[in-house]
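Worksheet: the structure to be examined is printed underneath.
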Amino acid sequence: MRRRERESGVVLLVVLFFALLLFSSIATFTRRATVDAMIARNRDAVSRAEALARGGIRLATALLLEDRLQELNSGEQIDAYTDAWFEPAGIELPAPDGAVLRVRIEDSGAHLNLNALFAEGKVRDPNNTEIFLHALFEKVIDEMPVPPGEKVYDVRELAANLIDYVDQDQDRLRGGPEDAYYQQQEPPYRAANRPLLSLEELRLVEGFDAKLVNALRPYLTVHPYAGGDGVNLNTAEPHVLALLFYNDGSGHRLAPEDTVRRILDVRAGGELICPKQDDDRGCVPVHSLIPNPIYPPATYSSNVFTLTAEAQVGDVRREFEAVIDRSQPMEPLLLSWRPR
């Protein structure tokens, strides 16, 4: 009797062992199947979000090309706040299955182009460039949200170092070889002696650091690389319009608040600002707002645009930034492409 009980107990233990093994196998299989399903869904969401964001860049490019063709047909090439592509906060486009696509288009004239200060490897206007850079750096540094003790920058040195880094000669404005500082860095490098290719490149210029470059970023661009002109009065935001530099009768200065306000009032009234000398319907000549020449000269039409497309599919987000040159509408040129 006891022997049978012992045998029954052994069988029970064996049955329990195999039951636990089966349960563990089922749990492992279920967990793996769940994880595999989540990975597959996430991979699908990533693919959809990336495809949607890439499509957003193409849609934005098509919108810009259509705008350029309309300008060519009308004979009036002014890029302004009235254009279909202009929406500072971005355009939200419908997407299937609850996905979200946001596209933002910004023309190069919405910021001040640092490369517009140079032409053919030289400073465009030796008399005004340094003074303008002094005023620009002074304004931005003064507005940096850091304690005064951390604003240890010399605006004159910053301006001279930037000019030395971009212009094509080998000598510093203050005397001596341009590369002396750069050759002492680790690893050593040389002054570019060419237009800036990105705002991030400013961090290579003597005296510039990450904090200063980040403070300059909302104001500046490097497009187009081949110089071009300055700020577009019809698209730039107020803080960029404040960089307009001209002689107000007592000397060259950045635009005061009342000048910026006059420009914004014209735009709020539904009119455009143009370089024409005579008043035209719906067009206010720039000389009626700013009597003396602006440096660098204002622009009114852009070929280079920065396009940003952000796609959200579930919890997955993909964002791309492209810089497009539409000077040849039939063959737009991609200047840069990067994920963000």
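The values are calculated or read from the model by the stated rules, or taken from the named source; none is laboratory data. This is a predicted model, so every value here is computed, not measured. Here the Cβ is made from the backbone with ideal geometry for all residues, glycine too, and neighbour counts use every protein chain on show. The accessibility values were calculated without ligands, DNA or RNA, using every heavy atom of the protein model including side chains. Shrake-Rupley method; radii C 1.70, N 1.55, O 1.52, S 1.80 Å.
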Any chance residue 227 is touching a strand residue (DSSP E or B) at 6+ places or on another chain (Cβ under 8 Å), surrounded by 13 or more Cβ atoms within 10 Å (Cβ to Cβ), among the small types (Gly, Ala, Ser) and touching a residue at least 40 places away in the same chain (Cβ under 8 Å): yes
Considering residues of the range 64-107 that are touching a strand residue (DSSP E or B) at 6+ places or on another chain (Cβ under 8 Å) and more than 26 Å from residue 312 (Cβ to Cβ) only, the residue most open to solvent (accessible area, probe 1.4 Å): 82
Conditions (1) in a loop (DSSP other than H, G, I, E, B); (2) modelled with pLDDT under 90: number failed by residue 149: (1)
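Taking residue 28 as the residue in question, decide whether it is assigned to a helix (DSSP H, G or I), β-branched (Val, Ile, Thr), at pLDDT below 85 and open to solvent by less than 70 Å² (accessible area, probe 1.4 Å).
The answer is yes for residue 28.
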Test: residue in the range 170-189 that is surrounded by 10 or more Cβ atoms within 10 Å (Cβ to Cβ), in a helix (DSSP H, G or I), modelled with pLDDT of 90 or more and of a type in the set (Ser, Thr, Tyr): yes
Failed criterion for residue 50 (all others in (1) acidic (Asp, Glu); (2) closer than 23 Å to residue 283 by Cβ; (3) open to solvent by 40 Å² or more (accessible area, probe 1.4 Å); (4) within 23 Å of the chain's Cα centre (by Cα) hold): (2)
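Matching residues to (1) at pLDDT 90 or above; (2) of a type in the set (Val, Ile, Thr); (3) touching a Lys or Arg at 6+ places or on another chain (Cβ under 6 Å):
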site: 50; (1), (2), (3): yes, no, yes
site: 54; (1), (2), (3): yes, no, no
site: 59; (1), (2), (3): yes, no, no
site: 64; (1), (2), (3): yes, no, yes
site: 77; (1), (2), (3): no, no, no
site: 103; (1), (2), (3): yes, yes, no
Among residues of the range 287-321, those that are open to solvent by 50 Å² or more (accessible area, probe 1.4 Å) and either part of a loop (DSSP other than H, G, I, E, B) or in contact with a Cys (Cβ under 9 Å, 6 or more places away or on another chain) (or both), counted: 6
Top-ranked residue in the range 241-272 [being open to solvent by 50 Å² or more (accessible area, probe 1.4 Å) and of a type in the set (D, E, K, R); ranked as nearest to residue 283 (Cα to Cα)]: 271
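Of everything in the range 201-219, what is closer than 23 Å to residue 86 by Cβ and crowded, with 20+ Cβ neighbours inside 10 Å? Give them in sequence order.
If the condition is that a residue be closer than 23 Å to residue 86 by Cβ and crowded, with 20+ Cβ neighbours inside 10 Å, then 219 is the only one that fits.
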